[in-house]
1. What's the total number of residues in the stretch 33-63 that are of a type in the set (S, T, N, Q), within 18 Å of Pro21 (Cα to Cα) and not in a helix (DSSP H, G or I)?
2. Which ones in the stretch 2-11 are surrounded by fewer than 21 Cβ atoms within 10 Å (Cβ to Cβ) and either touching an Asp or Glu at 6+ places or on another chain (Cβ under 6 Å) or farther than 24 Å from Val88 by Cα (or both)?
3. Would you mind stating whether Thr39 is closer than 15 Å to Leu96 by Cα and either touching a Pro at 6+ places or on another chain (Cβ under 6 Å) or modelled with pLDDT under 95 (or both)?
4. Filter the stretch 12-53 down to the residues that are crowded, with 18+ Cβ neighbours inside 10 Å, among the hydroxyl-bearing types (Ser, Thr, Tyr) and over 23 Å from Met108 (Cβ atoms) and list them by number.
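The values are calculated or read from the model by the stated rules, or taken from the named source; none is laboratory data. Because the structure is predicted, anything quoted here is derived from the model rather than measured. All Cβ positions, even for glycine, are placed from backbone atoms using ideal geometry, and neighbour counts span all protein chains on display.
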Amino acid sequence: MATIHKIGRRKTSVARIYMKPGSGNITVNKKDAKEYFSTDVMVYKVNQPFLLTETAGQYDVTVNVFGGGNTGQADAIRMAISRALCEVNAEYRLALKPEGLLTRDARMVERKKPGQKKARKKFQFSKR
């Protein structure tokens, strides 16, 4: 199997992953995933596709991710890994789809409108 290249997105984060057979190393922006993500929850999110498909420790993943914050980046990586696993074996789709790992979350930050403080917040209204 050659290297698989996939892209995952979440909010303004874009993750490009390169997955190949190996020993389970996950490198994010030239750092180990545990070093790059500060909390265990983020590391779990990145590893979740492997845990659901029972392929933990079988693939090496190299990730280039930019934009957004920690949570958006972790979710973008999770989606890219899920897409790559579906290309490896189509049966993995049955485990990943119900968990929502193959669905692109389209929610984005609402833009600020002119004449308002923020996207929804208005200036204080004075009747008199």
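1. Looking only at the stretch 33-63, we keep the residues that are of a type in the set (S, T, N, Q), and these are 38-39, 47-48, 53, 55, 58, 62.
Narrowing the set further to residues that are within 18 Å of Pro21 (Cα to Cα) leaves 47-48, 53, 55, 58, 62.
Checking the rest, the ones that are also not in a helix (DSSP H, G or I) come to 55, 58, 62.
Looking only at that region, the number is 3.
2. So the first thing to find is which residues in the stretch 2-11 are surrounded by fewer than 21 Cβ atoms within 10 Å (Cβ to Cβ), and the list is 2-7, 9, 11.
Matches in the stretch 2-11: Ile4, Lys11.
3. Numbers: closer than 15 Å to Leu96 by Cα: no; either touching a Pro at 6+ places or on another chain (Cβ under 6 Å) or modelled with pLDDT under 95 (or both): yes.
So Thr39 does not fit the description; no.
4. Those that are crowded, with 18+ Cβ neighbours inside 10 Å, among the hydroxyl-bearing types (Ser, Thr, Tyr) and over 23 Å from Met108 (Cβ atoms): Tyr36, Thr53.
Each row is one residue, and each column tells you yes or no for (1) among the basic types (Lys, Arg); (2) out of contact with any Gly (no Cβ under 9 Å at 6 or more places or on another chain); (3) modelled with pLDDT under 95; (4) assigned to a helix (DSSP H, G or I).
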site: Thr71; (1), (2), (3), (4): no, yes, yes, yes
site: Met79; (1), (2), (3), (4): no, no, no, yes
site: Ala95; (1), (2), (3), (4): no, yes, yes, yes
site: Leu101; (1), (2), (3), (4): no, yes, yes, no
site: Ala106; (1), (2), (3), (4): no, yes, yes, no
site: Arg111; (1), (2), (3), (4): yes, yes, no, no
site: Phe123; (1), (2), (3), (4): no, no, yes, no
site: Arg128; (1), (2), (3), (4): yes, yes, yes, no
